[in-house]
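Rule-based calculations on the coordinates, nothing more; no lab input. Just so you know, these numbers come straight off a predicted model, no measurement behind them. Here the Cβ positions follow ideal geometry from the backbone for every residue, glycine too, while neighbour counts run over all protein chains shown.
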Amino acid sequence: MRLDKYISQSTTMTRSQAKKTIAQGRISSSSTTIRNSAYQVSDNETINFDGKPISVRGLRYIMLNKPSNFICSTIDEQLPSVFNLITVEKREQLFIAGRLDADTTGLTLITDDGQWSHKITSPRKKCAKRYRVELAEPLADNAVALFNEGIQLKSENQPCLPATLETISETKALLTISEGKYHQVKRMFAAIGSHVIALHREQIGEIELDTALAQGEWRYLTPQEVSSIA
Ligand code: URA
């Protein structure tokens with residue numbers, strides 16, 4: 001596909017805005033600037049806009065490193081919405097694929113693709129989410145086994161699906177869960193008598209939080225990251 005067409009289909013730019021952006025030298029592939037609008041984009045080629053990969057299929061897929069004290073709501077309430085951090089056109093069309101609590105930090109995926117989002121959030125898809133957890137007190141000796149068996153949360157009929165707990169130290173661990181119940185991680189630890197004092201999401205499916213993103217920064221997902229959610 002021609003480069004200008006690819007860009008206009010992949011972003012909110014019109015064909016003529018895409019041509020202008022190409023002429024300005026803001027488009028590149030493998031760090032080589034492309035100034036020819038007729039350049040043929042090949043399959044699996046990653047095209048960058050201002051050095052950041054642009055998304056595919058005309059839909060937008062964004063990774064945000066969520067800071068604490070921002071809420072995963074579309075409007076500001078007592079705290080500002082994470083959408084204040086995303087400076088894109090038609091921001092109102094975007095929503096969050098798997099919300100985090102106000103005090104949780106890390107990987108937040110934002111999109112306008114409902115089907116893609118469903119693959120992340122639907123319990124039936126069992127998409128794994130990995131969290132780095134810090135606890136107020138040392139973990140119980142049998143914590144790994146309890147998580148592996150399936151934690152019974154208060155006011156839920158069924159126990160949680162088996163979860164993988166990897167201990168880092170007495171008070172730090174990585175937890176991988178494949179559901180997304182309300183406050184799930186904090187409630188799981190509460191169920192074994194632990195209190196979470198810091199929670200950070202590092203990974204969703206195969207998509208890892210880009211360590212180059214400081215808190216509050218975002219970038220578009222690469223086509224490979226988008227298609228890794230199946
Ligand atoms: N589980 C929680 O308890 N909080 C989050 O923000 C995410 C998962």
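By the gyration tensor of its Cα atoms, with a ≥ b ≥ c the square roots of the eigenvalues, what is the shape of the stretch 128-204: rounded for a/c under 1.5, prolate for a/b over b/c, or oblate?
Values: a/c = 1.45, a/b = 1.19, b/c = 1.21.
Verdict is rounded for the stretch 128-204.
What are the GluC sites (Glu not before Pro) within the stretch 8-105 that DSSP puts in a loop, where the Cβ has at most 10 other Cβ atoms within 10 Å? Could you put the intermediate results ahead of the total?
Values: sites: Glu45, Glu77, Glu89, Glu92; in loops: Glu45, Glu77, Glu89.
Filter output for the stretch 8-105: Glu77, Glu89.
If r is the Cβ-Cβ distance from Ala136 to Ile86 and R0 is 41 Å, what FRET efficiency results, to the nearest 0.05?
Numbers: r = 33 Å, r/R0 = 0.80.
Efficiency at R0 = 41 Å is approximately 0.80.
If you find the alpha carbon centre of the stretch 142-165 and of the stretch 1-39, how far apart are they in angstrom?
Centre-to-centre distance over Cα atoms comes out at 49 Å.
Filter the chymotrypsin sites (Phe, Trp or Tyr not before Pro) in the stretch 161-230 down to the DSSP loop ones having no more than 10 other Cβ atoms within 10 Å, then list what survives. Before the final figure, lay out the partial values.
Details: sites: Tyr182, Phe189, Trp218, Tyr220; in loops: Tyr182.
Here the chymotrypsin sites (Phe, Trp or Tyr not before Pro) that fit, given the DSSP loop and packing criteria, are Tyr182.
Using a ≥ b ≥ c from the Cα gyration tensor of the stretch 3-54 (square roots of the eigenvalues), is it rounded, prolate or oblate, where a/c under 1.5 gives rounded and otherwise the larger of a/b and b/c decides, a/b for prolate? Write down the numbers at each step before the final one.
Numbers: a/c = 1.36, a/b = 1.19, b/c = 1.14.
Judged from the Cα gyration tensor, the stretch 3-54 comes out rounded (a/c under 1.5).
What fraction, in whole percent, of alpha-carbon pairs in the chain exceed 31 Å separation?
Values: 8032 of 26335 pairs.
Tail of P(r) above 31 Å: 30 percent of Cα pairs.
For the stretch 102-124 and the stretch 65-86, what is the separation of their Cα centres, given in Å?
15 Å
Hey, which lysines would be in cross-link range of Lys154, C-alpha to C-alpha under 25 Å, not counting anything within fewer than 8 residues on its own chain?
Within the straight-line limit of under 25 Å, Lys154 reaches these lysines: Lys125, Lys126, Lys129, Lys172, Lys181, Lys186.
Sorted by packing (mean other beta-carbon atoms within 10 Å per residue), highest first, where do 128-136, 144-152 land?
Values: 128-136: 18.1, 144-152: 15.7.
For the peptides 128-136, 144-152, the packing ranking is 128-136, 144-152.
Which residue, Cys160, Thr33, Ser8, has the largest displacement toward the positive end of the dipole of the chain when charges sit on each Cβ (Lys, Arg +1; Asp, Glu -1)?
Value computed over the given set: Ser8.
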